[in-house]
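Input: a single structure, listed below in C-alpha cells.
The values are calculated or read from the model by the stated rules, or taken from the named source; none is laboratory data. These numbers were taken from a predicted model, which means no experiment stands behind them. Glycine gets a Cβ as well: all are built from the backbone with ideal geometry, and neighbour counts include every protein chain shown.
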Amino acid sequence: MSFDVCDLYQEVILEHGRYPRHAGRPPRHDATARGDNPMCGDRVEIFLSYAPDGRIADARFDARGCAISIASADLMVDAVAGLAPDDARRIFSRFEDMARTGACPDGDAMMEPLRPLAGVHAYPSRVKCATLPWHTLMAALEGGGQATSE
C-alpha cells in the first residue's frame, strides 16, 4: 500500500470543509467582518472575541462556499486562537505566501497545521477561495468591515 501525502491533505480539506469545528455565530463577540468572493460566490463572516490582555480568545465563522474556503476558515481559527493580533497578522502574511507559492518551510510549527492548503497554489482560481477567510480576519482585526479576496 502506498502513502500519498497529497491524498492525505485533500482528505483534511474535505473533512474540515464538510464538518467544520468552529462554524457558527458566538453568543458574544468583540469584532466581526464579512468577506465575499463575487467570482465564485464564497462568503464568510468572522467573529472575534478578545481576552483581557488583547489576545484572540475565541474566533468563529459563518460561511457559505466551497470546501477549500470553509476548510481554510476552520484551520485559520485553530491557528490564530490565543494569539496576539500582530502574531495573527504575521501568520496571515506567511499563509498568503504559502497559498500563492506552495512553499511551507519544514519545522515551521505555526504553519504546519495549514500545510494541507499549500496545494491550492497549483490552482490560481482556488487561491482566492483559500485566502478569503484570512482577508476577512484582517478586516475584523482592523475593526470590521468588508473584505474581498485579492
Need the failing condition index for A67 against (1) surrounded by fewer than 22 Cβ atoms within 10 Å (Cβ to Cβ); (2) under 15 Å from I13 (Cα atoms); (3) without any contact (Cβ under 8 Å) to a residue 40 or more places away in the chain; (4) of a type in the set (A, V, I, L, M, F, W, C), just the number.
(3)
Looking at D58, D74 in this structure, which one is in contact (Cβ under 8 Å) with a residue 24 or more places away in the chain, part of a strand (DSSP E or B) and not β-branched (V, I, T)?
D58
Here is a check on your reading of the model: is G107 surrounded by fewer than 19 Cβ atoms within 10 Å (Cβ to Cβ) and either at pLDDT below 95 or of a type in the set (G, A, S) (or both)?
yes
Only residues in the stretch 113-124 that are free of Cβ contacts under 8 Å to residues at least 40 places away in the same chain and on the phi > 0 side of the Ramachandran plot count as the first member; pair them with residues that are part of a helix (DSSP H, G or I) and basic (K, R), Cβ under 9 angstrom, at least 6 apart or cross-chain, and list the lot.
none
Just to be sure before I move on: is D74 within 19 Å of V127 (Cα to Cα), modelled with pLDDT of 95 or more and surrounded by 14 or more Cβ atoms within 10 Å (Cβ to Cβ) in the structure I sent?
yes
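Within the group A99, A31, which residue is crowded, with 16+ Cβ neighbours inside 10 Å and under 23 Å from V127 (Cβ atoms)?
Details: A31 fails: under 23 Å from V127 (Cβ atoms).
Matching residue, one of A99, A31: A99.
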If L132 meets every condition in (1) closer than 15 Å to A63 by Cα; (2) at pLDDT below 90; (3) surrounded by 15 or more Cβ atoms within 10 Å (Cβ to Cβ) apart from one, which number is that one?
(2)
